[in-house]
Amino acid sequence: MAGRARRSSRFAAFMASFAFQAGYSYDGFQNLGLAAALLPALNDIYDDPQERNEAFRRHLEFFCAHPYLATFAVGALIKAEEDRAASSPGAMGEAELARFKQVCGSVLGSLGDRFFWAGLRPFTAVVGLMAYLISPLYGALTLLLLYNVPHVLVRAEGMRMGYELGPGVLPAIGGEPGARAILWVKRLGAVALGMLAPLTIMHPLTPGLLEGTILMAAAAAAGWWLLRRHRQRTLSLLILIMLVGVYCLLT
Amino acid sequence: MSAWIVVAAAGAVAAVDTAAFFQGMFHQPLVICTLLGAGLGSPLEGAYLGALLQMLWLSELPVGAATYSDYGPAAAGAAGGALMVLQSGHADLGLAGLAVLLTAVPLAWVGGHIIRVQREIQSRFLPRVIASVERNRPGRVRWYILVGIGHSAIRGVVEAALTAAVALLLLWGLKALGLEGQIPPYALLAGMLGAGLGVTLKLFSGKEFLPWLAGGVMVGIITVVVL
């Protein structure tokens, strides 16, 4: 007799999503995190341990998505397993489920990497630095709040939307809405990056307006050039630090 | 001794937050160094050291199987070592900042390779989880998730302790070279923020973002004038 995932099991899946990458390996990537998140729901859906174990084994296959957006996949997979267990019309077969997970991985991975890693993370870090320049102890707090409010909300919303829409969740976030969100977070990041320069140069502790401008502009040009020219990132950063250090010593 | 425990704890928090649990940016240098500074009784100095490091790795994306710098524990360790010397009154903030920068960058790179080893070790989990399903105990997967978090914590403790020791030695070395009092802390910060701007520009280099970047500069100037 097939059942439905209880609300408490879906909440347990949401909480388990925070440790999505704890068991990360090069063989299965996030497969253990996905299986652990789905387990409470699978326990509700399948009364027969044999069927439950089979479903669990299905989700031990390779899986790789963005860790925050993975909740969209978790919610959708719970829904898909419910439909499958109840033999609902349109329920996904084993091959379709595997294909859906593969597509989920690429769509959510690409979206999350661009929105969170390349957009929200630099934006909040730069705003945190601006807050630091205004009042040093507020920098860290600003960064944490500005980043984690959307981060946790997106995870929670992912769980809700994934469960409600099932496999239809991907078109809902992957197309126009996702692209628009990425564009706006990157625009905000560019504005924050632009603001950081005058805030640093015109700070009360600045070595001097002209000197500060020359120092920042030269360091920015060196940083941009070194990281573009050389593939060896650590070495480039060390050269950059040496250059800034020598400049500070000489002046 | 208690300072080393605080540094190790900060390293563990940073390493666990990097990928194993929550990923709420507690491992960002500005955050972890401020927290570490608060733990050691010098939050302002901790925040300064974190701000120096903050922008260096922003353009490095922790994507898929890529090997990326493990900068959280490295920042915590380097700042911890420097703060210990600062608190003993044997160094100034500018020199401590330079020592932190020179230590954290290479050790973050070493940490990235330790992450790779950790992930290779964790490849052994899957056959064990499959075996536990065969014994009708799929719940064992939670145990392996906890072991993964534990691996990350241990990695953080080891990296932070190692980095702290290197930073401590380097700071004494720089002091022996007669560099104490030679590096103005704010100039170093301005230089590193400038360098970080150049490094991070890679993420916003499209022509489309140039007007937004220029707009940001204008807004920044107006903000400073108004403030």
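The values are calculated or read from the model by the stated rules, or taken from the named source; none is laboratory data. None of the values given here were measured: they were computed from a predicted structure. Cβ: placed from backbone, ideal geometry, glycine included. Neighbour counts: every protein chain shown. The accessibility values were calculated without ligands, DNA or RNA, using every heavy atom of the protein model including side chains. Shrake-Rupley method; radii C 1.70, N 1.55, O 1.52, S 1.80 Å.
Report, in whole Å, the centroid distance computed from the Cα atoms of segment A:1-59 and segment B:1-35. Using only Cα atoms to place each centre, the spacing works out to 29 Å.
Taking the longest Cα principal axis of chain B as reference, the axis of helix B:2-15 is set at about 70 degrees. Whole-Hz Karplus values for segment A:23-32 come out as x, 4, 9, 6, 7, x, 6, 9, 4, 5 Hz, taken residue by residue from phi with 6.51 cos²θ - 1.76 cosθ + 1.60 and θ = phi - 60°; glycine and proline positions read x.
Buried accessible surface for the A/B chain pair comes to about 8000 Å², total over both chains, computed with a 1.4 Å probe.
Per the Cauchy relation, a quarter of the hull surface: what is the mean projected area of the convex hull of the alpha carbons in segment A:84-183, in nm²? Projected over every direction and averaged, the Cα hull of segment A:84-183 covers 7.5 nm².
Among residues other than B:H113 with Cβ under 13 Å from its Cβ, the summed charge is 0 (Lys and Arg +1, Asp and Glu -1).
Counting only residues 5 or more places away or on other chains, whose amide H sits under 5 Å from the amide H of A:Y46 once H atoms are built in the peptide plane? So A:Y46 has HN proximity to A:G3. In chain A, the convex hull through the Cα atoms has an average projected area of 16.4 nm², a quarter of its surface area.
Taking all protein chains together and a 1.4 Å probe, the residues A:S87, A:S236 rank A:S87, A:S236 from largest to smallest accessible area.
Considering only protein heavy atoms and a 1.4 Å probe, what is the carbon-and-sulfur percentage of the accessible area of segment B:184-227? Of the solvent-accessible surface of segment B:184-227, carbon and sulfur hold 80 percent.
When the surface is traced with a 1.4 Å probe over the full set of protein chains, B:H113 keeps roughly 60 Å² accessible. For segment B:92-159, trypsin sites (Lys or Arg not before Pro) meeting the loop criterion (DSSP other than H, G, I, E, B) and having at most 12 other Cβ atoms within 10 Å: B:R135.
An ellipsoid equivalent to segment B:4-71, defined through the eigenvalues of its Cα gyration tensor, has semi-axes of 22, 14, 8 Å when rounded to whole angstrom and sorted largest first.
The order of A:L183, B:L146 by accessible area, most exposed first and with a 1.4 Å probe, is B:L146, A:L183. For the protein assembly as shown, the spread of Cα positions along the three principal axes, ordered from largest to smallest, is 77, 50, 37 Å. Take every pair of alpha-carbon atoms less than 8 Å apart whose residues are at least six positions apart; their mean separation over the length of segment A:7-100 yields a relative contact order of 28 percent.
Sequence-distant contacts, meaning Cα pairs under 8 Å at least 6 residues apart, place the relative contact order of chain A at 18 percent. Shape call for segment B:184-227 from the C-alpha gyration tensor, a ≥ b ≥ c root eigenvalues: rounded (a/c under 1.5), prolate (a/b greater than b/c) or oblate? Judged from the Cα gyration tensor, segment B:184-227 comes out oblate (a/c at least 1.5, b/c at or above a/b). Taking all protein chains as they are arranged and a probe of 1.4 Å, the heavy atoms of A:V149 leave approximately 80 Å² accessible to solvent.
Annotation: lysines with alpha-carbon distance below 23 angstrom to A:K186 (same-chain offsets under eight excluded): B:K202, B:K207. Its Cα gyration tensor gives segment A:203-251 an equivalent ellipsoid, and the semi-axes of that ellipsoid, as √(5λ) in whole Å with the largest first, are 23, 12, 7.
Rolling a 1.4 Å probe over the heavy atoms of the protein chains gives segment B:2-60 an accessible area of 24 Å² per residue. What separates the Cα centres of segment B:152-194 and segment A:106-150 is a distance of 25 Å. Of the chymotrypsin sites (Phe, Trp or Tyr not before Pro) found in segment A:1-54, those in coil by DSSP whose Cβ has at most 13 other Cβ atoms within 10 Å are A:Y26. Electrostatic tally near B:A82: other residues with Cβ closer than 15 Å to its Cβ, Lys and Arg +1, Asp and Glu -1, net -2.
Legend: mean number of C-beta atoms from other chains within 10 angstrom of residue C-beta atoms, peptide B:200-208, equals 6.
With a 1.4 Å probe rolled over the protein heavy atoms of all chains, the accessible area of B:H151, A:H151 falls in the order B:H151, A:H151, largest first.
Evaluate E = 1/(1 + (r/R0)^6) for B:W143 and B:V219, where r is the Cβ-Cβ distance and R0 equals 41 Å; express this FRET efficiency to the nearest 0.05. That gives a FRET efficiency of 0.20.
The magnitude of the dipole of the protein assembly as shown, with charges of +1 and -1 set on the Cβ of Lys/Arg and Asp/Glu and taken from the Cα centre, is near 440 debye. Helix B:125-134 and the longest principal axis of the Cα set of chain B meet at an angle near 30°.
For chain A, the per residue solvent-accessible surface stands at 42 Å², with DNA, RNA and ligands left out and a 1.4 Å probe.
The local environment of A:G75, defined by Cβ-Cβ distances under 10 Å, has a net charge of +1 under the rule Lys, Arg +1 and Asp, Glu -1. Of the chymotrypsin sites (Phe, Trp or Tyr not before Pro) found in segment B:96-189, no site is in coil according to DSSP while having at most 13 other Cβ atoms within 10 Å of its Cβ. If a/c stays under 1.5 just call it rounded; otherwise compare a/b with b/c (prolate if a/b is bigger, oblate if not). Do that for chain B, with a ≥ b ≥ c from the square roots of the Cα gyration tensor eigenvalues. The shape class here is oblate.
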